[in-house]
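Before I ask anything, let me first share the structure, which is written out below as C-alpha cells.
Each value in this text was obtained by applying a stated rule to the coordinates, not by laboratory testing. Note that this is a predicted model, so its numbers are computed, not measured. All Cβ positions, even for glycine, are placed from backbone atoms using ideal geometry, and neighbour counts span all protein chains on display.
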Amino acid sequence: MHTSAILAQPAAPHAQPQLPSAPVWTVEAVLALFELPFADLLFRAQEALRAHFDPNAVQRSTLLSIKTGNCSEDCGYCSQSKRYQTGLETQSLMTTDEVLAAARAARERGAGRFCMGAAWRGPKEKDLPAVMEMVRAVKALGLETCVTLGILRDGQAEQLKAAGLDYYNHNLDTAPEYYGDVVTTHTYQDRLDTLRSVRAAGLKVCSGGIVGMGESRRHRAGLIAKLANLDPPPESVPINNLVPIPGTPLAGSETVDIFEFARTIAAARVTMPGSYVRLSAGREQMSEAEQALCFLAGANSIFYGDHLLTTSNPGTERDNALFGKLGLRGV
Ligand code: SAM
Ligand code: DTB
Ligand code: SF4
C-alpha cells in the first residue's frame, strides 16, 4: 500500500490496544516440518506435547449419529450424502431418551465427552430445540458435550451455547484450493464463517480434516496452516484417515502411507501445541504399532466406542488393551 493511503486511513474512534498476535504459519513453513527427517519431526512433536500436556493421558470422546443419511451435500468421502448409492440405512432425528441411553453407556465406559453428529447441510430452525434438549440432558450427566450439525446460521451458535454446549465440530477437511475437488454444494468460506460464529458465541472449536482424499503433501500442509492460523487455533483438532466408502467418488483414493499420516499428526502437534490432536477415523484399519506411532507423533485424543458415525471403530476392550501395553491413561 502507498504511504499516503496509510496516512489517509482515519483513526478508529475507539481503538483497542493491540494484543500481540499469534505466530502465522505459512504453508512453506508447515511443508518444511513435513520434510524433516522422521525422527526429528517426532522429536519436535514430543517436545511440543510435553510442554503442554501429560504425554501419557489420552482424551476420549464417544460419537453418536443422531440423524443419519439423506444429506443434501455432495462431500465426496461421505456415506451420508443422498447423491451416492452407499447402501446406508437412513434414520431420522433420534429422541432425547435414545441419545441419553447411549450417553450413559459412554460415560460408564469412561468417555469424557459425548459428540452428537447429524447429516445436515445445517440445522433448520425447527430442528434446534430438540438438539438443545439433547445437549442439556447429556451435559446433566456430567459429560462434556459436542455437536456437529453442519453450517450454522446467525444466532444458532448462541442458542447451542445457552443450552450448555461445550464444543462445536466443523472440519475444514482439506486445503482451501483442494476443497472444490471434494465438495461443490458449499464452500470453504461457508466453513470458515461457521467457525467464526461458533467462536463468537464463546463455544470451543473442534476442527480438523481428512488425509487420503487424493490430496498432495502441500494440500495437507495447507490444511494444517489454515487450522493453526485460526485465532485462536481450535482446542480440538481431529485428523481423520479416509475410511473409503464404496459408492462415493473418493472410495478409490490411494491410501496415504502411515509415515505420511503420522507426519500430518506431528505437524498439527507442532503448530498447535496447546490443542488436543485427535487420531480420529481410520483407526480400525490401523495396526496397534501404527496407532502407537500416531501417539508418538503427538496425538492425545481418540474416538472411543465401537462406532464412529456410520462406520466401525475399534471396540473399547481393544483400546483398553492397547492403552495397557503403551502405558497410556484414558481421560
Ligand atoms: N454434516 C456435518 C458436516 O459435514 O459438518 C457433520 C457430520 S460430518 C460426517 C463430520 C466430519 O466427518 C466430516 O467433516 C469429515 O471430516 C468426517 N468424515 C465423514 N466421512 C468420513 C470418512 N469416510 N472418512 C473419514 N472422515 C470422514
Ligand atoms: C471428525 O472429525 N470425525 C468424526 C467426527 N468428527 C464427527 C466423524 C468420522 C466419520 C467417519 C465415517 C463414518 O463413520 O461415517
Ligand atoms: Fe452431509 Fe456432513 Fe456428509 Fe457432507 S460430510 S454429506 S454435510 S453429512
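For the range 221-331, with only Lys/Arg (+1) and Asp/Glu (-1) charged at the beta-carbon, what is the dipole magnitude about the Cα centre, in debye rounded to 20?
240
Can you grab the distance from the C-alpha centre of the range 252-274 to the C-alpha centre of the range 151-205, Å, no decimals?
Rounded to whole Å, the Cα centres lie 22 Å apart.
Charges at C-beta only: +1 for Lys and Arg, -1 for Asp and Glu. How large is the resulting dipole of the range 70-136 about its Cα centre, in Debye rounded to 20?
160
List the GluC sites (Glu not before Pro) in the range 237-331 that DSSP assigns to loop (not H, G, I, E or B) and whose Cβ has at most 15 other Cβ atoms within 10 Å. Which are they?
For GluC sites (Glu not before Pro) across the range 237-331 that sit outside H, G, I, E and B with at most 15 neighbouring Cβ atoms in 10 Å, the list reads 254.
Now, a different point. Need the C-alpha centroid separation for the range 290-319 versus the range 57-85, integer Å.
17
Further question on the same structure: Check the straight Cα-Cα distances from residue 139 and name the lysines below 23 Å, setting aside those fewer than 8 residues away within the same chain.
67, 124, 126, 161, 204
Let me ask something else. With point charges of +1 on the Cβ of Lys and Arg and -1 on the Cβ of Asp and Glu, referenced to the Cα centre of the range 77-185, which listed residue (160, 106, 79) lies farthest in the positive direction of the dipole?
After comparing all options, I get 106.
I need two numbers for the range 249-303: Rg to one decimal and Dmax as a whole number, Cα atoms only, in Å.
Looking at the range 249-303, its Cα Rg and Dmax stand at 11.5, 35 Å.
Given +1 on the Cβ of Lys and Arg, -1 on the Cβ of Asp and Glu, and no further charges, what dipole in debye does the chain carry about its Cα centre, rounded to the nearest 20?
About 560 debye.
So how do 84, 178 line up by other beta-carbon neighbours within 10 Å, fewest first?
Final ranking by Cβ density, sparse to dense: 178, 84.
Can you give the longest run of the chain that contains no trypsin sites (Lys or Arg not before Pro) sitting in a DSSP loop with at most 16 other Cβ atoms inside 10 Å?
Answer - 154-331.
222 nm [θ] for the chain, helices only, -39500 (n - 2.57) per DSSP H run of 4+, per residue, to 500?
-11500 deg cm²/dmol
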